[in-house]
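Structure record follows, encoded as structure tokens.
Derivation of every value follows stated rules applied to the coordinates shown; laboratory data play no part. Every value quoted in this text rests on a predicted model; they were computed, and no experiment measured them. Glycine gets a Cβ as well: all are built from the backbone with ideal geometry, and neighbour counts include every protein chain shown.
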Amino acid sequence: MGSVISALTAFFLSISAALVPPPKTDTHWTTIQDWQEVTSNQFVFSAKAKFDENFCKLNMGKTMIFPLIVHGFHKITAGSRVLYSNGISHASDFRSFYGQPLVDIDRLCAEGEVLWTVQTYAKYFARIASYPYATDSYPWWRLLLSELLNLIVSSAFFLILIVSYFMFYGRVRSQLYWSYVTSTFGFCTYFLLSSVGVLFPINHLSIVHKCADIGVVIGGTFILRA
């Protein structure tokens, strides 16, 4: 029961962290294409922005926070130059499933006009609470919740796997033990893969996302069996 509570608590904490809407909007952004299913289970949104001299002076040294799209692949370009990408075409920066693109405003202003494209394979997540907005300080609490929380939880589940072997192997019913272990392994896999892009450069993040989904399904299924 303890593993059930910890797994569900961690899972819903990560989801709630992901769905916190940004508190501000930025009128410099204009929608080019609203959410549209371009291919099967591929939903795309795009917007552009042109930053004038007054905006750049007022926001010098600040950070532009882009909205969080669960299972979202972001790409920010200026002409043919890629300023940020976490999965569309190639990855120049790596975030978890719940990570948000963060770009220095000075860098955006140096380009003048930028194009932002975001893609997700789930219609449920094809939504944007607001346009990107400027912030005075780096949002460390968002980094903690969206990037590090899943890695911490994954490590905890891995320790549970090790402790379970020494404490329960051969001492409880075989079906109960293996259901418990498989469930724990499934959730461990999910939380690890959800943030694996933070640790290693990965070109095929969509495959990682689907494998993580399988992990959480396995974890939930074997929890019920346990």
Label Gln36 and Ile214 with points 7 Å out from Cα along Cα→Cβ: what is the distance between them in nm? 3.3
Between Arg171 and Lys50, what is the label-to-label distance in nm when each label sits 7 Å out along the Cα-to-Cβ direction? 7.0
Qualifying lysines (Cα of each under 21 Å from Cα of Lys62; at least 8 residues distant if same chain): Lys24, Lys48, Lys50, Lys75
Is the shape of region 30-86 rounded, prolate or oblate, going by the alpha carbon gyration tensor and its root eigenvalues a ≥ b ≥ c, with a/c under 1.5 for rounded and a/b larger than b/c for prolate? prolate
How far apart, in nanometres, would the label points at Ser130 and Arg81 be if each is projected 7 angstrom from Cα along the Cα-to-Cβ direction? 2.9
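For the peptides 177-189, 48-60, what is the packing order when you average, over each peptide's residues, the other Cβ atoms within 10 Å and list the highest mean first?
Values: 177-189: 20.4, 48-60: 13.7.
The most tightly packed comes first, giving 177-189, 48-60.
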Arrange the peptides 71-77, 208-214 so that the one whose residues have, on average, the most other Cβ atoms within 10 Å appears first. 71-77, 208-214
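Tell me, in nm to one decimal, what length is gained between Thr221 and Ala156 on full extension, where the rule is 0.36 nm per residue of separation less the Cα-Cα distance?
On the way: separation 65, 0.36 × 65 = 23.40 nm, distance 1.98 nm.
Full extension of this stretch gives 21.4 nm more.
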Per q in 0.20, 0.24 1/Å, what log10 I(q)/I(0) does a Debye calculation on the alpha-carbon atoms of region 146-189 return? -0.60, -0.77
